[in-house]
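Have a look at the structure below, then the notes.
The values are calculated or read from the model by the stated rules, or taken from the named source; none is laboratory data. On a predicted model such as this, the values are computed, not experimentally measured, just so you know. Don't worry about glycine lacking a Cβ; one is built from the backbone with ideal geometry, like all the others, and counts go over all protein chains shown.
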Amino acid sequence: MRPFVSVIVPCRNEALFIERCLDSILGSDYPAGRMEVIVADGMSGDGTRSLLKVLATRDSRLRMIDNPERITPVALNRAIAAARGEILVRFDGHAVMPPDYVRRCVELLESRGADNAGGSIRTVAQSDGPFSGPIMATLGSRFGVGNSPFRTSGGQKGARPADTVFGGCWRREVFSRIGGFNEKLARSQDIEFNLRLRRAGGTILLDPQIVCDYHARADLRSCWLHNFSNGVWAVLPFALSDTVPVRWRHLVPLAFVTSLAASMMLPFPWSIAVLAAYTAANLAASAHAAIAQRRTTYLALMPIAFLSLHLAYGLGSAWGCAQLAADKLIGIRRLKLARRRHATRHMET
C-alpha cells in the first residue's frame, strides 16, 4: 500500500488562482484514497474562503483550516499539525502541478532515500503586458536569479542534489528531527528550513523533469515591489535565526548595489567600472534571451527587466541592513539607559 500523503497549501486572497491549483492537486495520479489536501487560509477577504468551502463539498479529500496569524510559516506548521499523512507535500496557491508530481516526489523519497524531494518551475505571467515575457525570462535566467536550479534547470534529465526545491516533499519524521518552520520569518522560511535540514545531514533531491507552472507578477511595478520585499527578507532573517538563514547568492544583489554606490565616489574611470561591467553582462544575457525566445523586442526590454530585478532586490537588502542597524542601535541605547538607571538607583541607596 502506498504511503498516505498530505498536501498542504498555505494561501491568502488567492481567489483567482486557488481553484485551478486545487484541481491540479486533486487530479493527481496518486491513489485517491491515499491522499488529502489541507489549505491553511490566512483569513482571506477576497472570496477565497467561500470558494474553498464549495470546493470541499465536491471532494471529501479537501479541507480548510484557519491561519489567524496570516503568515506562511504559521500556516505550514498548523497544516502539518493537522495532517494525517506520513508524507507531507507543500504546494503554492499560485502554482499548478502536473498529474504525476506527487507520485514522482514520493518515489524519490523511497528510491533515493532523500529527506526532501521536489521539482522545478516554469514561470508563467499572471497578466499580459509589454514586460510580461521579459520578466518571466529574467526569473528563469542564471543572470537573473543566480544558481537557483529549481528555476533554471527545468526539463533537464536526472535527479540531483540541490539546496532547495519547489514544493518540497518530506517524511513526517523530518519535522520531529529538526523542528518546524521558523515562525519569526514571514518570508524566506523555506530557505532557512532547507539549510537546517542539510546541516542536520539531510539530503535534498531535485528532479528538473518534474515541472510545475508558477504564476508570477508580470508588470514592472509589481515586480519591483515584490523583489524589494524579497531583498529585505534576504537580510532580516539574520536577526531571527540561530544560523546563516540564506544562501550566498541571495546577497549578490546587495553586493552589486553596494559596489555601485561605492564606485561612484572614485575618480573617473574607476567611477564607472562597476556600472560598465554590469551593463556588458546585462546586454549579453539580454541578447542570449532574445535569441532563445526569438523575440527581437527583448533586446530593448530585457536589460530593463534585469536591472529592475537586481536593483529592487539589492536596495531591499540595503534597507534590511539599515533596519537591522537601527534595531541594534536602539537596543544599545536602551541597554545604556537601563544601566544608567540602575547606577542611579544604586547611588541613591
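Considering only segment 251-258, I want to know if a residue exists there that is assigned to a helix (DSSP H, G or I) and either under 22 Å from Asn182 (Cα atoms) or among the basic types (Lys, Arg) (or both). Checking segment 251-258: at least one residue is assigned to a helix (DSSP H, G or I) and either under 22 Å from Asn182 (Cα atoms) or among the basic types (Lys, Arg) (or both).
For segment 266-285, the set of residues classified as at pLDDT 90 or above and not in a helix (DSSP H, G or I) is empty. For segment 235-249, the candidate set comprises residues that are assigned to a helix (DSSP H, G or I) and free of Cβ contacts under 8 Å to residues at least 60 places away in the same chain; within that set, the residue that is nearest to Arg142 (Cα to Cα) is Trp248. Does Asn182 qualify as being in contact (Cβ under 8 Å) with a residue 24 or more places away in the chain, assigned to a loop (DSSP other than H, G, I, E, B) and within 21 Å of Pro73 (Cβ to Cβ)? The answer is yes for Asn182.
Selection of segment 186-222 for residues being farther than 30 Å from Val106 by Cβ, modelled with pLDDT of 90 or more and among the hydrophobic types (A, V, I, L, M, F, W, C) yields only Leu220. In segment 302-349, the residue that is modelled with the lowest pLDDT out of those that are over 26 Å from Phe238 (Cβ atoms) and among the β-branched types (Val, Ile, Thr) is Thr349.
Among the residues of segment 62-73, some residue qualifies, meaning at least one is in the same structural domain as Gly179 (by TED's automatic domain parsing) and touching a Pro at 6+ places or on another chain (Cβ under 8 Å). Using the structure shown, decide if Leu76 is assigned to a strand (DSSP E or B) and touching a helix residue (DSSP H, G or I) at 6+ places or on another chain (Cβ under 9 Å). So Leu76 does not fit the description; no. Among the residues of segment 149-171, those identified as over 22 Å from Cys21 (Cβ atoms) and surrounded by 16 or more Cβ atoms within 10 Å (Cβ to Cβ) are Pro149, Thr152, Ser153, Ala159, Ala162, Asp163, Arg171. Meeting the requirement of 2 or more residues that are more than 25 Å from Arg217 (Cα to Cα), of a type outside the set (D, E, K, R) and modelled with pLDDT of 90 or more, the helices (runs of 4 or more DSSP H) wholly within segment 93-158 are 101-112. Taking the numbered list (1) assigned to a loop (DSSP other than H, G, I, E, B); (2) touching a residue at least 40 places away in the same chain (Cβ under 8 Å) in turn, Tyr214 passes all entries but (1). Residues of segment 229-245 that are within 18 Å of Ala325 (Cβ to Cβ) and surrounded by 18 or more Cβ atoms within 10 Å (Cβ to Cβ): Gly231, Val232, Trp233, Ala234, Val235, Leu236, Pro237, Ser241, Pro245.
Does segment 61-89 hold any residues that are of a type in the set (Val, Ile, Thr), touching a residue at least 40 places away in the same chain (Cβ under 8 Å) and over 17 Å from Asn182 (Cβ atoms), and which are they? Scanning segment 61-89 gives Ile87, Val89.
Cβ-Cβ contacts under 6 Å between residues 6 or more apart (or on different chains), taken from a first residue in segment 34-49 that is of a type in the set (Lys, Arg) to a second residue that is in a strand (DSSP E or B) and at pLDDT 95 or above, are listed as Arg49/Asp41.
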